[in-house]
Amino acid sequence: MQESIKIRFFDADNDGDGTIDRQEATERLPQIARHFSQVDTNQDNVISLDELEDAQLRILERRKSAEIAVEIKKQQDADAVTASKRKQAAEVVRKRTL
């Protein structure tokens, strides 16, 4: 992944200055262009390779957190279904013993 980011970065750096400005991002990295201000963390109106790599890490961290939250919700839902079934089974047993 790291190598892919570098390749895309240097491919987008049309003037070879080691940074990507808004125009270069718009032409070659439209997703980055849409989020240019968030990626340009030092607000110098260009994106460095470090800023792009940091942005990618933040995206991956958010994605992983979201996946974990989904898994937790699934487990909670499964636990609730299990608890409901146990309650229903206990009620059936209770009614039969009456």
For residue 43 and residue 26, compute 0.36 nm times the residue count separating them, minus their Cα-Cα distance, and round to one decimal in nm. 4.4 nm
Euclidean distance between Cα centres, the range 65-81 to the range 1-47, Å: 36
Would you mind working out the magnitude of the charge dipole of the chain relative to its Cα centre, with +1 at each Lys and Arg C-beta and -1 at each Asp and Glu C-beta, to the nearest 20 Debye? 1840
Dividing the Cα radius of gyration by the Kirkwood radius, what Rg/Rh value follows for the range 2-97? 1.47
Among 80, 25, 69, which one shows the highest mean-square fluctuation when the chain is modelled as a Gaussian network with alpha-carbon springs under 10 Å? 80
Proximal lysines relative to residue 74, as straight alpha-carbon distance under 23 Å, when same-chain residues fewer than 8 apart are discounted: 64, 85, 87
Give the residue from 36, 98, 55 lying farthest towards the positive end of the charge dipole for the chain; charges sit on Cβ (+1 for Lys and Arg, -1 for Asp and Glu) and the dipole is referred to the Cα centre. 98
Roughly speaking, what is the stretch gain from residue 97 to residue 2, that is 0.36 nm per residue apart minus the C-alpha to C-alpha distance, in nm to one decimal? 27.6 nm
For Cα pairs less than 8 Å apart in space and 6+ apart in sequence, what is the mean separation divided by the residue count of the chain, i.e. the relative contact order in percent? 18
Quick one: which residues, 5+ away or cross-chain, put their amide H under 5 Å from the amide H of residue 47? H built at 1.01 Å from N. 20, 21
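Quick note: the coordinates plus some simple rules give every number you see, no bench work behind them. These numbers were taken from a predicted model, which means no experiment stands behind them. Please note: Cβ atoms are built from the backbone with ideal geometry, for glycine as well, and neighbour counts cover all protein chains shown.
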